[in-house]
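Since the structure comes first, as C-alpha cells, the remarks are kept for the end.
The values are calculated or read from the model by the stated rules, or taken from the named source; none is laboratory data. None of the values given here were measured: they were computed from a predicted structure. Cβ placement follows ideal geometry from the backbone for every residue including glycine, while neighbour counts extend to all protein chains displayed. Side chains included, ligands, DNA and RNA excluded: accessible areas come from the protein's heavy atoms. Shrake-Rupley method; radii C 1.70, N 1.55, O 1.52, S 1.80 Å.
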Amino acid sequence: MNSLSKWMWVKLVASGRDLLPIVVVVAGFQLFVLQQPVPDFLGVVTGIILVLFGLTLFMQGLESGLFPIGESMATAFARKGSVFWLMLFSFALGFSTTVAEPALIAVAKEAADIAAQAGLLNSGSEARESYASGLRYTVAISVGLAITIGVLRILKGWPIQYLIIGGYIIVVLMTLIAPKEIVGIAFDSGGVTTSTVTVPLVTALGVGLATTIRGRNPMIDGFGLIAFASLLPMIFVMGYGIFIFGIGVG
C-alpha cells in the first residue's frame, strides 16, 4: 500500500468512525423498533458510501484550505494595522457565507409559505418571495454585523460573557413584543447560520487574530465568534417580524 492509499484509508476510517453512530441509530430504530426492512437498501448503502467519501474530502479541505487561508488573512490584516479593512472584511465574510446558505434559503421559503397559509401574507408568489428574501438578507446582515462585533471584541479585549448575556437579555425582551409567528423562526435562524463554510472560516479568523495580536490568548479570545453569529440573527429576525407584522400580532 503506497503512501497515498494509506493516507486515504486512514482518513476514511476516521470519517467512518464519526459516521457510525448515526448509521447505528437509524438502522437500529428501523429494524428493531419499527421492525421494517430498510426501503431501497441499495440506494441507502450507496448514499452512505457517498457521504463517507464526501465527509472525508470535506474535512481534508477544511484542514488544508479553509483553516489556513482564514488564519493567514487574519494575520495579514492584523499586521496591516487597518481596523477599517478588517471590519469590512469581517462583515463581508459573515454576509457572503450566510446569504447563499442552502439551509437558510430552505427555512426562509418554508416560513414564507406558512405565513401565506396563515393569512399573514398575500398568497401570491411575489409576496412570498419578497418575505423570504427579506428574511434571508436580514439574517445575512445580522451575521455580518455579528462577526464584526466579535472581531472588535478581540481587538479591544472585551470579556465575551457580558456581551453574550446582554444579547440574550435583548432576545428575551424582544420575545415579549415580537409577533409570536416570528419567534420560532428567529430562534431557528440562529442555528442555520452556523454553516459548514461559515464555522471554519470564522473560527480560523478569530484564532488567527488572537494569535497575532499581542496580549491576546487564542484559547480565551480566539473563540466565540460563532456565538455572536447565532445570537444576533434572533434579534434581527424578531425585529424584522415587528417591522412586517407589527408588535404582538396574532
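Structure notes:
- Every residue from the range 154-166 that is surrounded by fewer than 19 Cβ atoms within 10 Å (Cβ to Cβ) and either part of a helix (DSSP H, G or I) or among the acidic types (Asp, Glu) (or both): 155, 156, 160, 161, 162, 163, 164, 165, 166
- Taking the criterion of being part of a helix (DSSP H, G or I) and either surrounded by 10 or more Cβ atoms within 10 Å (Cβ to Cβ) or at positive phi (or both), the residues of the range 30-44 that qualify are 30, 31, 43, 44.
- One residue stands out among those in the range 39-65 that are over 20 Å from the mean Cα position of the chain (by Cα) and of a type in the set (Phe, Trp, Tyr): the one that is nearest to residue 27 (Cα to Cα), which is 41.
- Lone qualifier among 61, 47 - being at pLDDT below 85, part of a helix (DSSP H, G or I) and under 26 Å from residue 23 (Cα atoms): 61
Residue-by-condition table, conditions (1) at pLDDT 95 or above; (2) among the hydrophobic types (A, V, I, L, M, F, W, C); (3) part of a helix (DSSP H, G or I):
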{"residue": "131", "(1), (2), (3)": "no, no, yes"}
{"residue": "134", "(1), (2), (3)": "no, no, yes"}
{"residue": "152", "(1), (2), (3)": "no, yes, yes"}
{"residue": "169", "(1), (2), (3)": "yes, yes, yes"}
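- Lone qualifier among 95, 67 - being within 29 Å of residue 136 (Cβ to Cβ), open to solvent by 30 Å² or more (accessible area, probe 1.4 Å) and in contact with a Pro (Cβ under 7 Å, 6 or more places away or on another chain): 67
- Of residues in the range 181-194 being open to solvent by 10 Å² or more (accessible area, probe 1.4 Å) and over 17 Å from residue 112 (Cβ atoms), the one modelled with the highest pLDDT: 187
- Note on the range 136-153: among residues that are out of contact with any Ser or Thr (no Cβ under 7 Å at 6 or more places or on another chain) and under 20 Å from residue 111 (Cα atoms), the one that is surrounded by the most Cβ atoms within 10 Å (Cβ to Cβ) is 142.
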